[in-house]
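The structure appears right after this line, and notes come after that.
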Amino acid sequence: MRKPLILLGLFLGAASYPSSQCLRVLSAPISVPSALSISLLSSSQTEKPEWCRPLPRPEYKSLQGIPINDPWFEVYKVAPGVFAIYEPHQAEETISYLIVGTKQALLFDTGMGIGNIRKVASQLTARFVVVLNSHTHNDHVGGNWQFNFVYGMDTAFTRASAKGSREDAQAEIAPDQLCGDLPKAFNPKTYATKPWKISRFIHEGFKINLGGRTLEVLSTPGHTPDAISLLDRANGLLFTGDTYYPAPIWLYRPETNLDAYVNSVKRLAALAPQLKLVLGAHNIPIAQPDVLPRLADAIQAVRAGQGTVKPDGDGKALHTFGGFSFLLAAARKE
Ligand SMILES: [Zn+2]
């Protein structure tokens, strides 16, 4: 899960981030606009939430778009047999990945559950589609219920998530979380993360043979206890879920374990020399592998008290170091 940041300084802050970073550093809450934002907005822009105004992100221009018959999603071919399924109309900007082999395909996350991702997958492949989640926050499991075969990590967190929930889902469709129209068939009143059935429990090291392509499950807990990364070793692809994506990484919720996160990131950093592409689960689908050792350095520096810290209300603080940022629980005053 990664709900939007509500921070001061979109207009000042964005320019100081490297282009592959940030971009979800938002301005003041819509209900309490800062004087700066008011002065920069024309009346026609005031309806749009601030995260939505810079879209489409320029990085998408260089990707190969695949036309599909559903305006809620955008699809990009990011490697041979690999499609990024992007949801640009909601603040999470979630990205799910369809990875196609000669015998079957795997959908790594199923998005928000706002649009019909099963239909999108069926437009991209005729093969049987199995589902595996990078972790089971609501914004990555919304379409799980639509599929007949869903792998699950064997954790209590995964089992609890599979029961579904309503509160997190409802928060995702507040007006300031949306950019453009919801799908016509969508009913906001009944929107919830629907429960799903786990077909098979899996563990660290589990391999899935799609035919001509093998995927390896790397347990990378931290963001959640069931967070995994998915490695396509032969093709040098690493799908990182919410362990890495190019925006402030959310590490403040009770299910987050920071020690585990640091260990997981170090493990991924060690893989960088074998990789060609790193594919995260929000905002922009591709990054270069050197991002991983830099991420490992950054989170360790932050934990050692380096970098800058800005309070972010609600007991959270945004820590920034070396072009990365992390949203952590604020240090408690004893
Ligand atoms: Zn998450």
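Here, each number is a calculation from the coordinates, and none is a lab measurement. This structure is a prediction, so every number in the text was calculated from the model and none was measured. All Cβ positions, glycine included, derive from the backbone under ideal geometry; neighbour counts span all protein chains shown.
List of remarks:
- Of Gln170, His223, Ile99, farthest towards positive along the dipole that unit charges on Lys, Arg, Asp, Glu beta carbons give the chain: Ile99
- By the beta-carbon count within 10 Å of each Cβ, the least crowded to most crowded order of Glu216, Glu172, fewest first, is Glu216, Glu172.
- Computed label-point distance, nm, for sites Phe201 and Phe128 using a 7 Å Cα→Cβ extension: 2.3
- Neighbour-count ranking [beta-carbon atoms within 10 angstrom, fewest first] of Tyr252, Tyr245: Tyr252, Tyr245
- Residue-averaged [θ]222 nm for the chain, counting only DSSP H segments that reach four residues, each worth -39500 (n - 2.57): -4500 deg cm²/dmol
- For the stretch 180-273, size of Cβ-based charge dipole, Lys and Arg +1, Asp and Glu -1, in debye: 320
- Of the residues Ala269, Asn209, Ala317, the one whose Cα sits farthest towards the positive end of the charge dipole of the stretch 207-334 is Ala269 (charges of +1 on Lys and Arg Cβ, -1 on Asp and Glu Cβ, taken about the Cα centre).
- Each Lys and Arg contributes +1 and each Asp and Glu -1, all at the Cβ; summed about the Cα centre of the chain, the dipole is approximately 600 debye.
- Candidates Asp168, Asp314, Asp226: whichever shows maximal mean-square fluctuation once the chain is modelled as a Gaussian network with Cα springs under 10 Å: Asp314
- Antiparallel %, DSSP beta bridges [both residues in the stretch 91-140], to 5: 45
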